[in-house]
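Here the structure is laid out as structure tokens; the discussion comes afterwards.
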Amino acid sequence: MAAAMAWLRRGAARRCGLAAGRSYSGGGAYPSVSLACPLPGVPKAVFAAAEGRERFETRVTVLENGLRVASQNKFGQFCTVGILVNSGSRHEAKYLSGISHFLEKLAFSSTAQFGSKDEILLTLEKHGGICDCQASRDTIMYAVSADARGLDTVVNLLADVALQPRLSDEEIEMTRTAIRFELEDLNMRPDPEPLLTEMIHAAAFRDNTVGLNRFCPVENTDKIDRDVLHSYLRSYYTPDRMVLAGVGIEHEQLVECARKYLLGAEPVWGTGQSRGVDRSVAQYTGGIVKVEKDMSDVSLGPTPIPELTHIMIGLESCSFLEDDFIPFAVLNMMMGGGGSFSAGGPGKGMFTRLYLNVLNRHHWMYNATSYHHSYEDTGLLCIHASADPKQVREMVEIITREFILMAGAVGEVELERAKTQLKSMLMMNLESRPVIFEDVGRQVLATNTRKLPHELCALIGQVKPTDIKRVVTKMLHKKPAVAALGDLTDLPSYEHIQAALSSKDGRLPRLYRLFR
């Protein structure tokens with residue numbers, strides 16, 4: 001017993017650095033101080049601590065003119081601040097198609113305060129800042145990442161860019177050239193995914209809302225001028241359709257800057273008569289869009305990409321405001337997929353259905369990937385596949401069978417894997433400040449509030465196999481949307497694809513030919 005007590009005393013002495021005997025190679029003894037005990041003469045360390053969950057909640061303030069100001073706390077020296085506008089290609093039914101594409105290219109050009117784009121970039125450079133503008137089908141987003149100490153300058157610049165653009169003839173002409181080049185490049189690039197996304201939306205929502213072209217048609221590039229842009233901006237760039245969002249700054253400071261630069265600000269296009277806001281609800285039509293194209297020379301060189309035919313088949317899902325949005329997100333993750341070559345392991349989706357059932361079993365398929373597009377009033381779940389033109393019919397049947405199998409049994413292991421992967425992807429994406437900014441802005445723009453990551457993870461965790469079966473069964477009752485690009489000689493008819501998706505096994509109707 002005495003020996004044991006002595007051993008414990010020696011251990012305590014060692015932990016607090018009281019044991020002597022060790023020395024430097026030069027002969028001097030180590031100081032008898034341990035980091036396990038408070039250091040003599042050194043102030044007590046104060047560690048950062050989360051002061052309750054409210055420090056991480058998104059705060060929203062609505063100004064007198066209807067502008068919403070949303071902020072999210074995040075540790076760091078830099079912030080991301082931007083203006084999101086409820087405006088996009090879906091709102092262009094009464095206007096020339098392509099206005100949003102023009103506005104995206106014209107962003108951060110000369111304004112009332114800044115004579116040129118270079119002047120804007122030099123101003124941001126003083127605060128280590130960068131800027132960007134992105135236009136989608138339902139939102140235009142102007143964003144700046146810079147040192148948080150330059151917040152006043154950043155908000156002033158954003159207000160000027162959004163409300164006081166000069167839109168000079170020279171800038172508009174340069175934009176026309178840039179758009180023509182982009183459209184030409186879009187048709188030449190080896191990866192047809194952006195083009196197919198346009199086609200599947202046009203097929204699913206023919207001539208309405210999210211089915212309208214996101215890119216400016218070539219014939220409209222010369223028709224869009226300052227007057228056309230001002231007419232559109234007068235209707236859609238109003239404070240009640242805007243959110244000023246910031247990540248990495250204090251909410252009160254952002255509200256103060258918003259009041260200073262955005263409350264009562266007079267836009268350059270004035271407040272005259274507008275055509276009114278298009279509040280149309282998306283109408284899902286289904287249908288097919290085909291583009292016959294020679295894909296044999298899209299990527300020449302020492303290792304050319306073989307000629308492929310690309311097919312995308314989609315069905316209407318749901319809006320991101322509906323409860324079924326989470327089961328659809330899990331389903332999309334469960335389908336997964338990708339290219340025929342991947343160096344990834346389990347975390348890269350190699351155990352998703354489109355890998356296990358399609359790419360691993362059919363070596364001739366180059367790609368099979370699931371996508372889920374969701375908007376405030378509709379959604380679209382689709383599968384993109386590509387293969388040699390001679391195997392198009394077989395490829396289409398494999399995809400229609402996968403759609404039918406979605407409504408079958410869902411294994412507990414694959415469901416848990418999909419849910420875990422979705423949570424993981426959500427949390428990893430939300431490590432990035434610009435991603436948090438976009439999430440805050442888009443959610444507040446659509447719902448005036450924001451669901452936090454832990455709330456979304458809880459909803460993901462509640463998804464059951466019955467939820468997956470229910471949403472798929474409902475989805476399969478809709479007409480399909482089909483986009484096809486390349487050599488379409490062996491493409492089954494739309495009616496045959498529709499029949500396959502209405503059958504029990506997803507097989508295409510048999511073709512009987514007397515002569516081959």
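Under the criterion of Cα pairs below 8 Å and six or more residues apart, the relative contact order for the chain equals 18 percent. Between their Cα atoms, which of Lys74/Lys126; Lys423/Lys469; Lys390/Lys419; Lys94/Lys260; Lys419/Lys478 are more than 30 Å away from each other? From the list (Lys74/Lys126; Lys423/Lys469; Lys390/Lys419; Lys94/Lys260; Lys419/Lys478), the Cα-Cα distance tops 30 Å for Lys390/Lys419; Lys94/Lys260.
Report the chymotrypsin sites (Phe, Trp or Tyr not before Pro) located in the stretch 357-387 that are in a DSSP loop and have at most 13 other Cβ atoms inside 10 Å of their Cβ, or state none.
Passing sites in the stretch 357-387 are Trp364.
Quick one: pull the percentage of alpha-carbon pairs in the stretch 287-502 with a separation above 27 Å. Counting every Cα pair in the stretch 287-502, those more than 27 Å apart make up 37 percent. In sequence order, the stretch 68-84 has phi-based couplings of 9, 10, 10, 9, 9, 6, 7, 5, x, 7, 9, 10, 10, 10, x, 10, 10 Hz under the Karplus curve 6.51 cos²θ - 1.76 cosθ + 1.60, θ = phi - 60°, and Gly or Pro positions carry x. When the Cα positions of Leu354, Ser97, Val396 are compared along the charge dipole of the chain, Leu354 comes out farthest toward the positive end, with charges on each C-beta of Lys, Arg, Asp and Glu. Look at where the Cα atoms of the stretch 387-439 and of the stretch 118-164 average out, and the two centres are 35 Å apart.
Helical runs assigned H by DSSP (4 residues or longer) give the chain a calculated mean residue ellipticity at 222 nm of -11500 deg cm²/dmol, each run adding -39500 (n - 2.57) before division by the residue total. Counting only heavy atoms of the protein chains and using a 1.4 Å probe, Asp297 has close to 90 Å² of accessible surface. Across 5 Å bins from the origin, how do the percents of Cα pairs in the stretch 59-263 run, short distances first? Using 5 Å bins, I get a P(r) of 1, 7, 15, 18, 18, 15, 12, 9, 4, 0 for the stretch 59-263. Plainly put, the stretch 183-225 has a radius of gyration that is 1.01 times its Kirkwood radius, both from alpha-carbon atoms, as the Rg/Rh ratio. Using only Cα atoms and rounding to the nearest 10 degrees, what angle (0 to 90) does helix 169-188 make with the longest principal axis of the chain? On a 0 to 90 degree scale, this one is about 80.
Which entry in [x] 37, 27, 23; [y] 43, 31, 22; [z] 47, 38, 22 is this structure's computed semi-axes √(5λ) of the Cα gyration tensor in Å? So the calculated entry is the one marked [z]. Placing +1 on the Cβ of every Lys and Arg and -1 on the Cβ of every Asp and Glu, with no other charges, gives the chain a dipole of roughly 2360 debye about its Cα centre. When the Cα positions of Cys131, His201, Thr369 are compared along the charge dipole of the chain, Thr369 comes out farthest toward the positive end, with charges on each C-beta of Lys, Arg, Asp and Glu.
Shown here for the stretch 62-140: GluC sites (Glu not before Pro) in loop regions (DSSP other than H, G, I, E, B) with at most 10 other Cβ atoms within 10 Å, namely Glu64.
Using a cut-off of 15 Å between beta-carbons, work out the net charge of the residues near His373 (Lys and Arg +1, Asp and Glu -1, His373 not included). Working shown, then result.
Details: positive: Arg90, Arg137, Arg214, Arg442, Lys478; negative: Asp138, Glu193, Glu198, Glu316, Glu322, Asp324, Glu376, Asp377.
Neighbour charge sum, excluding His373 itself: -3.
At 1.4 Å probe radius, can you tell me the per residue accessible area of the chain in Å²?
On the way: 26040 Å² over 516 residues.
That works out to 50 Å² per residue.
The 1.4 Å probe gives accessible areas that order Val291, Val42, Val358, Val228, largest first, as Val42, Val291, Val228, Val358.
So which trypsin sites (Lys or Arg not before Pro) in the stretch 226-321 pass both tests, a DSSP loop state and at most 14 other Cβ atoms within 10 Å of the Cβ?
Numbers: sites: Arg226, Arg234, Arg241, Arg259, Lys260, Arg275, Arg279, Lys290, Lys293; in loops: Arg275, Arg279, Lys293.
Sites meeting the loop and neighbour criteria: Arg275, Arg279.
Helix 325-335 and the long axis of the chain differ in direction by around 80°, with both axes built from C-alpha atoms.
The values are calculated or read from the model by the stated rules, or taken from the named source; none is laboratory data. As the structure is a computational prediction, the values presented were derived from the model and not from experiment. Please note: Cβ atoms are built from the backbone with ideal geometry, for glycine as well, and neighbour counts cover all protein chains shown. For the accessible areas, the whole protein counts, side chains as well, though only heavy atoms, and no ligand, DNA or RNA atoms are used. Shrake-Rupley method; radii C 1.70, N 1.55, O 1.52, S 1.80 Å.
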